[in-house]
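Written below as structure tokens is the structure these notes are about.
The values are calculated or read from the model by the stated rules, or taken from the named source; none is laboratory data. Just so you know, these numbers come straight off a predicted model, no measurement behind them. The accessibility values were calculated without ligands, DNA or RNA, using every heavy atom of the protein model including side chains. Shrake-Rupley method; radii C 1.70, N 1.55, O 1.52, S 1.80 Å.
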Amino acid sequence: MTVQGDHRENELIHLFELRKPLNPTLSGVDAVLDWNHQQIP
């Protein structure tokens with residue numbers, strides 16, 4: 001179910017201090033980790 005997936009995704013983004021990409025797509029990167037001056041998708 002999409003709603004449950006979106007909720008879980010948002011919880012993980014908050015938990016790991018990730019950020020959403022500027023132009024997210026359904027088949028693309030969901031979140032990015034900024035770590036040690038690098039962006040890790």
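The residue of region 1-19 that is farthest from Pro41 (Cα to Cα), among those that are in a loop (DSSP other than H, G, I, E, B) and open to solvent by 100 Å² or more (accessible area, probe 1.4 Å), is Met1. Within region 20-41, the set of residues being more than 9 Å from the chain's Cα centre (by Cα) and either acidic (Asp, Glu) or assigned to a strand (DSSP E or B) (or both) comprises Asp34, Trp35, Gln38, Gln39, Ile40.
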